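Engineer: Structure provided below as structure tokens; questions to follow.
Just so it is clear, none of the values below were taken in a lab; they were calculated from the coordinates. Bear in mind that the values here come from a model prediction, so they are computed numbers and not experimental data. Neighbour counts run over all protein chains shown; Cβ positions are idealised from the backbone, glycine included.
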Amino acid sequence: MMDALRLYGRYVGISVRAQLTYRATFAMKAIGHLLVTGIEFLAIWALFARFGTLGGWTLREVGLLYAIVDIAFAINEATNRGFDKFDSILKKGDFDRMLLRPRSTILQLLGFELQLMRVGRLSQGIAVLVWASGSIAWSPGGGAFWTIESLEVWNAFTYGGNYAAGYPMDIYRRWFRRFFTAVVPLACTAYLPARAILGRDPIDAWHLAAPCAGIGFLVIALGVWRLGVRHHASTGT
Amino acid sequence: MNGYVAIIAARFRALLQYRAAAIGGLFTQTFFGLVRIMILEAFYAAAPLGVPIAFPQVVGYIWLGQATLLLVPWRSDEDVAEQIRSGTVVYELTRPLDLYGMWFARSLAWRTAPVLLRMLPMFVIAMLVIPIVAPGWQLAPPASVAAFAMWLACFAGAILVSSALTTLINITMLWTIAGDGVPMLVATAATIFGGLVIPLPLFPDWAQPVLYAMPFAGLLDLPSRVFTGSIGVDRAGLVLLHQLAWTLVLVAFGRWLLARGVRRMVVQGG
């Protein structure tokens, strides 16, 4: 385990050094990313300026929700670049080389690249979080925060899911809500924790179970991954 | 003229090959469309007094935006960027065609073929499937034949604006070879100010004159509003005027910029 962590640290070190070679390009990319992701919140702000409220939620409350999802997604994008580019890794035959090495493929893919430009989205998310938490009456339920993990294995619906999770789940139709609570635990990543933090719900078994949904989803995803690797037939290049 | 037509035809055939990507995109676009409609429906539920656009029109606007979203100039043309990076752009200068014209022809094909490929199935889903699955969320047909005809004209106008913007992005690659800075900025502005994220009429009233003075409004917003009837047939001519005026300005600026870029181009012999 310590060995794996040290190896991961090395992977990250190499990746960071490579990206900092071209500092101007990096700065431009990070600022560009900040703007690109910032427009999403600009749109939310515009809608609140026009309508005032969203099903009983205020702009700051939605901001809290948005920030949780945004920060989680930024971390996910930065660390999971290897899974993002997995199709090209597979096509080029690079995955076969990973299989030959005596370390887990997941560790190697995680270490593929730590994408620094995602600091743009991250700083934007943190800024919204700071602003949103300024005037919120915090309830003692903040502990549910770290369920963000479940976003990391979120590949099929990445961007759409991220977008949808930035708004309170109760505005969606029932079938949509059920799917994203029970099948894919999107609601557990931000919506349930945010409700607890805002004091909208008393803390009950559901909230305590939310992080478990993340872990459960991760376990299932890892299982599917193993299955896929076992059936992997190389392209032969 | 024949040369440009040949470029457009060749690019068109190449781009129409990407059918699998279109199907994948269709799923994502339907998903995004549904989420956006649900979000706006929830906002509209809060007594929308004095909201400048009615909810059914917003639904149509969102589907049209999803159907034609590839009009948004997201990236520079990869082949042109490669020409500039590798220096083979000087070969292009030896051809008996004007460089701006060639790049514009490429952009024109790039902003038409993929859009058509995705737009038609998206229309089928939004007009025929959605009413069965989720009544009230469908794309309603245009109010009249005249409105439809005007929309077609405005859609063509949007392709012109988009192509002029794409060509301009390509030209900036002459200065910023490695960075994606300018394309990223233009893409961001076009995404939000083109009407893809939320309908432009929903922005604050004080922002409206600025939003509609920009060329981006002609990409998705104005044509969609002609289709849904939020802009009447009688005023659709102004939309066309907006698009054509901006196309002329962008082409003129692009030509001027390209001429400057070519003048400072250094050809290394060998």
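Engineer: With the cut-off at 1.5 for a/c, could you classify the stretch A:6-59 from its C-alpha gyration tensor as rounded, prolate or oblate?
Structural biologist: oblate
Engineer: If the cut-off is 16 Å between C-alpha atoms, which aspartates and glutamates fall inside it for A:Lys29, apart from same-chain ones fewer than 8 positions away?
Structural biologist: A:Glu77, A:Glu113, B:Asp180
Engineer: Multiply the residue gap between A:Arg178 and A:Leu107 by 0.36 nm, knock off their C-alpha separation, and tell me the result in nm, one decimal place.
Structural biologist: Contour length minus Cα-Cα distance gives 22.3 nm.
Engineer: How much net charge surrounds A:Ala4 when only other residues with a Cβ under 13 Å from its Cβ are counted (Lys, Arg +1; Asp, Glu -1)?
Structural biologist: Surrounding charge for A:Ala4 is +3.
Engineer: Projecting each Cα onto the charge dipole of the protein assembly as shown (Lys/Arg +1, Asp/Glu -1 at the beta carbon, about the Cα centre), which of A:Ile68, B:Ala245, B:Leu185 comes out farthest on the positive side?
Structural biologist: Farthest along the dipole direction, towards plus: B:Leu185.
Engineer: Which loop trypsin sites (Lys or Arg not before Pro) in the stretch B:106-185, with loop taken from DSSP, have no more than 14 other Cβ atoms within 10 angstrom of their Cβ?
Structural biologist: Hits after loop and neighbour filter: nothing returned.
Engineer: So, one more: Once the piece of chain linking B:Val129 and B:Ala46 is laid out straight, how much longer is it, given 0.36 nm per residue of separation minus the C-alpha distance between them?
Structural biologist: Stretched fully, the B:Val129-B:Ala46 segment lengthens by 27.1 nm.
Engineer: Using mean Cβ contacts within 10 Å as the protection proxy, how do A:220-230, B:69-79, A:8-18 order, highest first?
Structural biologist: B:69-79, A:8-18, A:220-230
Engineer: Give the Rg (one decimal place) followed by the Dmax (whole number) of the stretch B:1-67, computed from C-alpha coordinates and expressed in Å.
Structural biologist: 18.7, 57
Engineer: Loop only by DSSP, 15 or fewer other Cβ within 10 Å of the Cβ. Give me the chymotrypsin sites (Phe, Trp or Tyr not before Pro) in the stretch B:8-47 that pass, ordered by residue number.
Structural biologist: Passing sites in the stretch B:8-47 are B:Tyr18.
Engineer: Is the protein assembly as shown rounded, prolate or oblate when judged by the Cα gyration tensor, a ≥ b ≥ c being the square roots of its eigenvalues, rounded requiring a/c under 1.5 and prolate requiring a/b larger than b/c?
Structural biologist: It comes out oblate by the Cα gyration axes.
Engineer: Can you give the FRET efficiency for B:Leu238 and B:Asp98, using 1/(1 + (r/R0)^6), R0 = 25 Å, r = Cβ-Cβ distance, to the nearest 0.05?
Structural biologist: Efficiency computed from Cβ-Cβ geometry: 0.20.
Engineer: Another one. Under a plain spin-label model, where a point goes 7 Å from the Cα along Cα-to-Cβ, how far apart in nm are A:Ala49 and A:His232?
Structural biologist: It is 4.9 nm.
Engineer: May I pose another question? Classify the stretch A:69-120: rounded, prolate or oblate, from the alpha-carbon gyration tensor (a ≥ b ≥ c, eigenvalue square roots; a/c under 1.5 rounded; otherwise prolate if a/b is larger than b/c)?
Structural biologist: It comes out prolate by the Cα gyration axes.
Engineer: When the distances between all Cα atoms of the stretch B:2-263 are binned every 5 Å from zero, what whole-number percent does each bin get?
Structural biologist: Result, from short to long distances: 1, 6, 12, 17, 18, 16, 12, 8, 5, 3, 1, 0, 0 percent.
Engineer: Using R₀ = 35 Å, calculate the FRET efficiency as 1/(1 + (r/R₀)^6) where r is the Cβ-Cβ separation of A:Ala27 and A:Asp3; round to 0.05.
Structural biologist: With a Förster radius of 35 Å, E is 0.50.
Engineer: Give the residues of the stretch B:68-83 whose amide nitrogen is closer than 20 Å to a point set 7 Å from the Cα of A:Leu42 in the direction of its Cβ.
Structural biologist: Residues passing the 20 Å test: B:69-76.
Engineer: Which value, in debye to the nearest 20, gives the size of the charge dipole of the stretch B:2-263 about its Cα centre, when Lys and Arg are +1 and Asp and Glu are -1 at the Cβ?
Structural biologist: Charge dipole of the stretch B:2-263: 420 debye, to the nearest 20.
Engineer: Oh, and also: Report the label-to-label distance for B:Ser86 and B:Ala207 in nanometres (one decimal), using points 7 Å from each Cα along the Cα→Cβ vector.
Structural biologist: Placing both labels 7 Å along Cα→Cβ, they lie 4.3 nm apart.
Engineer: Can you list which of the DSSP-assigned H helices in chain B have a Cα extent of 30 Å or more along the long axis and an average Kyte-Doolittle score of at least 0.5?
Structural biologist: Once both thresholds are applied, what remains is B:19-44, B:145-172, B:233-263.
Engineer: Then there's this: Only sites in a loop by DSSP and with at most 16 other Cβ atoms within 10 Å count here; which trypsin sites (Lys or Arg not before Pro) in the stretch A:70-101 make the cut?
Structural biologist: Qualifying residues, ordered by number: A:Lys85.
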